[in-house]
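The values are calculated or read from the model by the stated rules, or taken from the named source; none is laboratory data. These numbers come from a predicted model, not from an experiment. Glycine also receives a Cβ, built like all others from the backbone with ideal geometry; neighbour counts cover every protein chain displayed. We work out accessible area using only protein heavy atoms, side chains counted, and drop any ligands, DNA or RNA first. Shrake-Rupley method; radii C 1.70, N 1.55, O 1.52, S 1.80 Å.
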Amino acid sequence: MLRVGVYLPRHLPHSFRVYANNIMREAAKLGVEFEPFAYDEALPGNVHLYWDPRCGGGGVPYRALNTTPRPVVVTVHGAAPMALPSREYFSRDRKSGG
């Protein structure tokens, strides 16, 4: 079973918290277990990897994750304009909200 330590600081933008909760809920259906931790808490030691779901917009991964020997996964928000063809990102459907 995969165990993931997820960095969820107390002051997390609402949209990031909703995103992280949705990912954790769906991954739990596949048997993934999550161990949330905050800024002032020690990194959980009984996990296979760490996830920082709040990077992007100039935010860098949580500093304590820089020295862990375990793999670290980050979510970079706001990369769609760089990752999608402009005709797809700027399509008429996207602009009209439909």
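What to note about this one:
- When the trypsin sites (Lys or Arg not before Pro) in the range 1-84 are filtered for DSSP coil states and for at most 11 other beta-carbon atoms within 10 Å of their beta-carbon, the remaining sites are Arg10, Lys29.
- Residue order for Val4, Val72, Val60 - accessible surface, 1.4 angstrom probe, largest first: Val60, Val72, Val4
- Counting only protein heavy atoms and a 1.4 Å probe, the chain has 68 square angstrom of accessible area per residue.
- Amide H partners (placed H, <5 Å) of Arg54, local residues excluded: Thr75
- Based on C-alpha pairs under 8 angstrom that are at least 6 apart in sequence, the chain has a relative contact order of 29 percent.
- Label selected from [x] 1.05; [y] 0.95; [z] 1.00, the criterion being Rg/Rh (Cα atoms, Kirkwood Rh) as computed here: [x]
- Secondary-structure-derived ellipticity at 222 nm for the chain, considering helices only, amounts to -7000 deg cm²/dmol, per-run term -39500 (n - 2.57) for DSSP H runs with n ≥ 4.
- Helix axis angle, 14-28 relative to the chain longest principal axis, alpha carbon, degrees: 70
- Accessible area of the chain belonging to carbon and sulfur atoms, whole % at 1.4 Å probe: 56
- For His14, the solvent-accessible surface computed with a 1.4 Å probe is close to 150 Å², ligands and nucleic acids excluded.
- In the chain, the DSSP beta bridges split such that about 5 percent are antiparallel, to the nearest 5.
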